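What follows is calculated from the coordinates using simple rules that are stated; it is not laboratory data. Remember, predicted model here, so these are calculated numbers, not experimental data. All Cβ positions, glycine included, derive from the backbone under ideal geometry; neighbour counts span all protein chains shown.
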Amino acid sequence: MPPAPHHPMADVALLTESRYACNDAAPDDWYLRNILRDDELLQNALTELGLSSVRLDWAAPDVDWSAFRCAVFRTTWDYFDRIAEFNAWLRRVQTQTRLCNAPETIWWNMDKHYLADLRVRGVPVVPFRLLEPDAPQSLRDLLDDAGWEEAVLKPCVSGGARHTYRVHRDVADTLQEQVRPLLAAESFLLQPFIRDVVQTGEDTVMVVNGRITHAVRKVPKAGDFRVQDDHGGTVYQLEPTREHVELAQRSMAACDPTPSYGRVDMVRDDCGKLMVMELELIEPELWLRQSPPAAEDFARAIAQVAARPVLENTPQP
């Protein structure tokens, strides 16, 4: 007989990772405290709908995923450092339970090549150049060809500003040597440095089942360009404008299938027009604590997924 699963049984598994799988945070651990507060709001909202839930490390051994009506990606913020393991896990689990978001969405959004699809579908995205490991390219030549004086280089499979670099044309050759082993191992994305990010910040709009729930503005600390709070950035509540709403809804509508939840990160170009920086559909930080009613919308979206049949032969990439 197979070993019994080492986790409480519940309707919904809220997927996290080992660093955040505990249910209590030390008084000085504001980062984990924020994660737990957001999940608490979501779990309370699920309870109101009659759905029990448990937080689980996605990589935990001996988990019977078929016992759950649904698994929801929340804070699996190590998947890009364990991509082969995560891919194998996803191929297996997508046939055992319902996933929120859908497996097709996770596979597509995992790699920033999806920006090319958005561009073809008419969504205004920050311009980019792709650097493929099997086609060595010079950073300086790419900057020259694009007409960019300064840019940001980041992996196509990444998160949390992993291996993210700000590169000026004058030091492009030096950076190329520094990151050569990385460029040979995986695909990278090069985008122009958006000055409004350091002047105003990056705007993020949360979308649940096609409806805008709330928005925030992420501002980097002085002297930095990374907006993540774990890099010293600050998050403020933002009242989304019609322009924010239209771009967020347009971006989600360009996805197939339409995501149950996610967020649209957007910035302004030098002319003041909003463009999509990224779509976060795998494990987006949603700042539910900034807008607690959004947890109720999220819970309802999860309940809809939990009621669907499990796809026994989910398409795989």
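Model label sites at Thr234 and Thr258, defined 7 Å from Cα along the beta-carbon direction, differ in position by 3.7 nm. Here each label is just a point 7 Å from Cα along the line to Cβ, and for Val245 and Ala146 those points are 3.3 nm apart.
Here the spin labels are modelled as points 7 Å beyond Cα on the Cα-Cβ line, and at Asp173 and Arg217 they lie 4.1 nm apart. Taking Cα centre as origin and charging only the Cβ of basic (Lys, Arg, +1) and acidic (Asp, Glu, -1) residues, the dipole magnitude of the stretch 129-193 rounds to 300 debye. Comparing Thr97, Thr204, Thr241 in a Gaussian network model of the chain, where Cα atoms under 10 Å apart are tied by springs, the biggest mean-square fluctuation is seen for Thr241. Of Ser187, Gln199, Trp108, whose Cα points farthest to the positive end of the dipole of the chain (charges on the beta-carbon: +1 Lys, Arg; -1 Asp, Glu; origin at the Cα centre)? Projecting each Cα onto the dipole axis, the largest value belongs to Trp108. Out of Ala60, Ala306, Ala215, any idea which swings most in a Gaussian network model of the chain, alpha carbons joined below 10 Å? In the Gaussian network model the winner is Ala60.
Once you charge only the Cβ atoms, +1 for Lys and Arg and -1 for Asp and Glu, what is the size of the charge dipole of the stretch 49-169 about its Cα centre, to the nearest 20 debye? Don't skip to the end; give the middle numbers.
Numbers: 16 positive and 16 negative charges, 85 e Å.
The calculation lands at about 400 debye.
Stretching Arg82 away from Ala25 to a fully extended chain increases their span by 18.0 nm, per 0.36 nm per residue minus the current alpha-carbon distance.
Largest GNM mean-square fluctuation among Gln176, Gln96, Gln191, using the chain with Cα springs under 10 Å: Gln176. Against the chain, whose longest principal axis comes from its Cα atoms, helix 83-93 is set at around 30 degrees.
Relative contact order of the chain: what whole-number percent is it, with Cα pairs under 8 angstrom and at least 6 residues apart? Show your work: numbers first, answer last.
Values: 567 pairs, mean separation 67.3, N = 317.
This gives 21 percent for the chain.
Pairs of Lys residues in the chain that lie 8 or more places apart, or on two chains, and have C-alpha atoms under 21 angstrom apart add up to 5.
Using a Förster radius of 25 Å, what is the FRET efficiency between His163 and Asp134 based on their Cβ-Cβ separation? Nearest 0.05, please.
Working: r = 19 Å, r/R0 = 0.74.
The pair His163/Asp134 has a calculated efficiency of 0.85.
Checking every one of the trypsin sites (Lys or Arg not before Pro) in the stretch 246-307 against DSSP loop status and a limit of 16 other Cβ atoms within 10 Å picks out Lys273.
Placing +1 on each Lys and Arg Cβ and -1 on each Asp and Glu Cβ, with no other charges, gives the chain a dipole about its Cα centre of roughly 540 debye. Shape of the chain from the C-alpha gyration tensor: prolate (a/c of 1.5 or more and a/b above b/c, with a ≥ b ≥ c the square roots of its eigenvalues).
Under the criterion of Cα pairs below 8 Å and six or more residues apart, the relative contact order for the stretch 129-193 equals 50 percent.
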